[in-house]
1. Could you tell me whether ILE52 is among the aliphatic types (A, V, I, L, M) and out of contact with any Lys or Arg (no Cβ under 6 Å at 6 or more places or on another chain)?
2. Kindly provide the set of residues from region 122-138 that are under 23 Å from GLN86 (Cβ atoms) and without any contact (Cβ under 8 Å) to a residue 24 or more places away in the chain, ordered by number.
3. Take the conditions of a type in the set (D, E, K, R) and either closer than 28 Å to ASP154 by Cβ or surrounded by 11 or more Cβ atoms within 10 Å (Cβ to Cβ) (or both) and apply them to ASP85. Does it pass?
4. Out of VAL108, VAL84, VAL78, I need the residue that is among the aliphatic types (A, V, I, L, M) and within 13 Å of the chain's Cα centre (by Cα). Which one?
5. Taking the options LYS98, LYS115, name whichever one is over 22 Å from GLU161 (Cβ atoms) and either surrounded by 14 or more Cβ atoms within 10 Å (Cβ to Cβ) or among the acidic types (Asp, Glu) (or both).
6. Do any strands (runs of 3 or more DSSP E) entirely within region 1-91 hold 2 or more residues that are among the small types (Gly, Ala, Ser) and at pLDDT 90 or above, and if so, which?
7. Please find, within region 45-73, the residue that is surrounded by the most Cβ atoms within 10 Å (Cβ to Cβ) out of those that are farther than 14 Å from ASP85 by Cβ and among the polar types (S, T, N, Q).
8. Out of all the residues in region 121-138, is one or more out of contact with any Pro (no Cβ under 8 Å at 6 or more places or on another chain), farther than 17 Å from VAL8 by Cα and surrounded by fewer than 19 Cβ atoms within 10 Å (Cβ to Cβ)?
Amino acid sequence: MSGHYSGVLVWDPKDGSVLCVSDSSHEEEEKMAGGMSTGDELPEETARREAIEELRTQILETTLVYVQEMRGKSGVHVRYFYLVDQYTGALEKGTTWKIEEKDADGKVLEKLIAKWLPIREFADKLFYRQHPAFGAMLGKLASRDVNFLHNYRDLIERFPEPEDLGLKRG
């Protein structure tokens, strides 16, 4: 499978924070790490590679939470979003990591800043196109942990889980 996007939300249940990125040209917006597949990568392989590239984090276990089809000029584009709460090598809390992604010729394609944020702060700054995926993440976390449901009910109401999670396509 090629030509897809995979995104990851790295969640720390101990302190309610997420490891996220912002683009240096839009530092006021936060987003889940992720990117386009290369070669014949499967969606989960793309998610794992992107977590290493953008977050310097190795995923130990991941759960596919949401599959979204986006229609554009070039046809249908499929986006896969994974929830990660088991990982290693993550960025130390209170620090940032600056990443420059370059093409084969050395041209800078993207400048990102990775950091941990409290989940509510992340939600306030979340890139709008990731709202449905974030709603799916919140729904999955709430289904796993009743305390999450009680502690973050406001976010769950603000970012409702999509009716169709698209998992049959994934």
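The values are calculated or read from the model by the stated rules, or taken from the named source; none is laboratory data. From a predicted model like this one, the values you see are computed outputs, not experimental measurements. Counting neighbours? That spans all protein chains shown, and the Cβs are built from the backbone with ideal geometry, glycine included.
1. yes
2. Matches in region 122-138: LEU138 only.
3. Values: of a type in the set (D, E, K, R): yes; either closer than 28 Å to ASP154 by Cβ or surrounded by 11 or more Cβ atoms within 10 Å (Cβ to Cβ) (or both): yes.
Here the answer is yes, as ASP85 does meet what is asked.
4. Details: VAL108 fails: within 13 Å of the chain's Cα centre (by Cα); VAL78 fails: within 13 Å of the chain's Cα centre (by Cα).
After ruling out the rest, the residue left standing is VAL84.
5. Numbers: LYS98 fails: either surrounded by 14 or more Cβ atoms within 10 Å (Cβ to Cβ) or among the acidic types (Asp, Glu) (or both).
Answer to the check: LYS115.
6. Working: elements: 5-12, 17-23, 33-36, 58-72, 75-88.
Of the strands (runs of 3 or more DSSP E) lying wholly inside region 1-91, those with at least 2 residues that are among the small types (Gly, Ala, Ser) and at pLDDT 90 or above span 5-12, 17-23, 33-36.
7. Filtering region 45-73 down to residues farther than 14 Å from ASP85 by Cβ leaves 45-46, 48-50, 52-54, 56, 66-73.
Narrowing further to those that are among the polar types (S, T, N, Q): 46, 68.
Details: THR46: 25, GLN68: 22.
Among them, the one singled out is THR46.
8. Filtering region 121-138 down to residues out of contact with any Pro (no Cβ under 8 Å at 6 or more places or on another chain) leaves 121-131, 133-134, 137-138.
Filter once more, so that each one left must be farther than 17 Å from VAL8 by Cα: 121, 124.
Next, only the ones that are surrounded by fewer than 19 Cβ atoms within 10 Å (Cβ to Cβ) stay: 121, 124.
Yes, region 121-138 has at least one match.
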